[in-house]
1. Do the conditions hold for E260, that is, is it farther than 23 Å from V333 by Cα, open to solvent by 50 Å² or more (accessible area, probe 1.4 Å), out of contact with any Ser or Thr (no Cβ under 9 Å at 6 or more places or on another chain) and assigned to a helix (DSSP H, G or I)?
2. Do we find that I377 is surrounded by 17 or more Cβ atoms within 10 Å (Cβ to Cβ), within 30 Å of E395 (Cβ to Cβ), more than 31 Å from the chain's Cα centre (by Cα) and of a type in the set (V, I, T) in this structure?
3. Given (1) outside any loop (DSSP other than H, G, I, E, B); (2) at pLDDT below 90, where does E324 come up short, assuming only one miss?
4. Quick one: C242 ticks every box in (1) under 20 Å from I317 (Cα atoms); (2) modelled with pLDDT of 95 or more; (3) part of a helix (DSSP H, G or I); (4) open to solvent by less than 40 Å² (accessible area, probe 1.4 Å) bar one, so which box is it?
5. Which one of these is surrounded by 21 or more Cβ atoms within 10 Å (Cβ to Cβ) and part of a helix (DSSP H, G or I): R249, R267?
6. Anything in segment 70-89 that is over 23 Å from L114 (Cβ atoms), part of a strand (DSSP E or B) and hydrophobic (A, V, I, L, M, F, W, C)? List them, or say none.
7. Being surrounded by fewer than 22 Cβ atoms within 10 Å (Cβ to Cβ) and among the aliphatic types (A, V, I, L, M) is the filter; apply it to segment 110-153 and report the residue that is farthest from I171 (Cα to Cα).
8. Being part of a loop (DSSP other than H, G, I, E, B) and closer than 24 Å to T130 by Cβ is the filter; apply it to segment 44-69 and report the residue that is nearest to the chain's Cα centre (by Cα).
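The values are calculated or read from the model by the stated rules, or taken from the named source; none is laboratory data. Just so it is clear, the model here is predicted, and its values are computed rather than measured. With ideal geometry, Cβ positions are generated from the backbone for all residues, glycine too; neighbour counts draw on all protein chains shown. Protein only, heavy atoms only, side chains kept; ligands, DNA and RNA dropped before computing areas. Shrake-Rupley method; radii C 1.70, N 1.55, O 1.52, S 1.80 Å.
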Amino acid sequence: MKKTVIRFPASVQYVYGKLKDAGYEVYLVGGSVRDALLGIPVHDYDLTTNALPEEMRAVFASDHLIPTGEKHGTMTVRAAGENVEVTTYRTDGQYNDHRHPSGVHFTASLREDLSRRDFTINALAYDPKTGILDLFGGEEDLRKGILRAVGNAETRFEEDALRILRGLRFIARFGLECEPETAGAMRKKKELLSYLSAERVWNELQGIFKGVYGDKTVREYADILQVVLPEGELLNADFKNCPEDAEVRTAKILRKETEETVAAVCRRLKMSGKSSAHIRRVHALLNEKELSDPAKIRFLRVRYPEEDMKDVLDMRINEPGITEARYEWESLVKNGVIRSLKELDADGNDLKDAGIPAEKIGKTLEKLLELVLEEKIENKKSVLTDTALRLYQTETEVTGGHHDDAGQ
């Protein structure tokens, strides 16, 4: 069998070399080994060693060493302009909250360190000289496309309930099949997901939703995901024509929910303001009746970002009227038809110079934009200012010469 070769960048090679030269064991572990075997570019190189934190301090005494999580055995070495994390072999203490161990214990055994990890595909180690070290069958599981817990699956999930969602993320990302014992344990322990922080849940949900096999995973494991996301159509999840964007796909799952419910979900999962706003916009567009009317597209472009329009038009492409609306949207974009006040050829100062009172400028600009979008006037400064003045004069005549005055 051909020996697997994983290329280390200069920074990792430096740290690895210094530890080996000092007589210590050191291996590349976890997701970095998994991704390398899958042919996926490796970005995060995690090293593990039998050197204790104080011994690492001695080895890297002349280097920039950061005690990232020294009490947990993790040190960061600054090398070749990059940070490289190295963690001492360890075992976890008792888990009291189904998420965090009460402490860690350093060990001289790589096997003990690997045995505490979540899944066999993440319990792989690599040394450039000896190749892959696979103590739990992870390489074969990866080759067969199987997700299997290390050791007793129920114990793994009781220790850390987040592993359930992490497992679903791997299934969604790589298209793995969960072996029966592991899948059964996920379902048996799913209620433990209620112990997780909202931020952690949302982070894992994003990974699941944006996976290549995201909708298949959501449908197959809807009973588990309903513990953390009881809203939405999980059993009928369909990401066809959806971009690989977790927020867009979240809005698709929540499409039949009310705006108030969607807002409540965003709050409960403690999403950022930006993420919440994006999901709510896409949700609104997914339910926007005017989107199927080509004549309304130019006005909807004022209210929604161009990318949201594109995404939702693609997602609704099989609905009546959407194909024509899509052509209209493409034409408007191609021809550079304006979609915001800032694109008008006249601004507030121009209207002020034309004699429009300050308190009238905002609404006048909005009316001018509406007239331009309706193609009733040209988007030229002279036309805009003349129209603004005419609108103001007409209003003044109608109201008998009386209008709002900030000084009265």
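1. Answer is yes for this residue.
2. So I377 fails the test.
3. (2)
4. (3)
5. Just a single option satisfies the conditions, and that option is R249.
6. Selection gives A79 alone.
7. Residue satisfying both the conditions and the ranking: L110.
8. D44
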